[in-house]
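Everything below concerns the one structure shown next.
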Amino acid sequence: SDHLLEYPISPSHMDWHKLYPALVPPKEDASTELAKEVEILDVGCGFGGLLVSLATEFPDKLILGMEIRVQVCHYVEDRIIALRQQHANEGKYNNIAVLRANAMKFLPNFFGKGQLTKMFFCFPDPHFKVRKHKARIVTSTLASEYAYLLRPGGIIYTITDVLDLHQWMVRHLESHPLFRRLSKEWEDEDPCVKIMRKETEEGKKVERNNGDKWVACFVRVDDPE
Ligand code: SAM
């Protein structure tokens, strides 16, 4: 449970070298100040399909998956290590990593204000029962936290096969003063929307069952004057 989760007391206390050894110098190294920072976050990354696709779409960015289930996390770790080994000559997949965390609790311990440019919420757990709705990963309170972490112009991506959850996420993010929903035309042009429709394990399952996929994307608008 949560009391077993490890998290840094502030973003500057996090040792990212462990997760991105080829791209981030060790913390004790003086050049750490210049190191790259995580910019893209996959919340509840599951088995890592999105991460693996994003790795080659954004080779210059550090991408992190957060996942609460220990075994699933280990699976993704092994998957990434294997990919790094297979592609060692090209230096691919050094830019993706997975971290066991409860994304509803400690995000500001890991990331600073405006650090992120993209956050993905792909097929989040629906928590169907009304009394469980507060456990949903998008709520008004969490939307404010996401707005803090995303820089203006940054994007929240959501996709689900559950219409009620889609409507819930749209309602909570649209009514937030720091988010504006992006158009269907924007979605059609964006490469990440294509990836999240096709490359997540959950998305593939929905595809096999001929289910619907509901997409909604939101831009983090500028802070008010
Ligand atoms: N995004 C993946 C996909 O599309 O294939 C996985 C979707 S799966 C239905 C939802 C995932 O979110 C599960 O792997 C679950 O363990 C994870 N999860 C749920 N709540 C979480 C939380 N608070 N923090 C991190 N991960 C969470």
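Since every read-out is calculated from the coordinates, none of them should be taken as a lab result. This structure is a prediction, so every number in the text was calculated from the model and none was measured. Quick reminder, even Gly has a Cβ in these numbers, built from the backbone with ideal geometry, and neighbours come from all protein chains shown.
Taking the Cα centre of the stretch 2-220 as origin, work out the dipole magnitude from +1 charges on Lys and Arg Cβ and -1 charges on Asp and Glu Cβ, in debye rounded to 20. Before the final figure, lay out each step's value.
Numbers: 30 positive and 30 negative charges, 134 e Å.
That gives a dipole near 640 debye.
Among TRP168, TRP16, TRP186, which comes first, then next, by fewest other beta-carbon atoms within 10 Å?
Details: TRP168 18, TRP16 24, TRP186 13.
In order of increasing Cβ crowding within 10 Å: TRP186, TRP168, TRP16.
The trypsin sites (Lys or Arg not before Pro) found in the stretch 85-137 that occupy coil by DSSP, while having at most 10 further C-beta atoms within 10 Å, are LYS129. Ratio of Rg to Rh for the stretch 116-225: 0.96 [Cα atoms; Kirkwood radius as inverse mean 1/r over pairs]. Considering only beta bridges that DSSP places wholly inside the chain, some 30 percent are antiparallel. Close amide H contacts of PHE123 (hydrogens built in the peptide plane, cut-off under 5 Å, sequence separation of 5 or more or a different chain): ILE159, THR160. Among ALA55, ALA88, ALA97, the residue with the largest mean-square fluctuation in a Gaussian network model of the chain, with springs joining Cα atoms closer than 10 Å, is ALA88.
Note on the chain: GNM, Cα springs under 10 Å; of GLU67, GLU28, GLU39, the largest mean-square fluctuation is that of GLU28.
Straight-line reach from LYS132: taking Cα to Cα under 21 Å and skipping same-chain neighbours fewer than 8 places apart, the lysines in range are LYS105. On the principal axes of its alpha carbon atoms, the chain extends 47, 46, 38 Å, with the longest extent given first.
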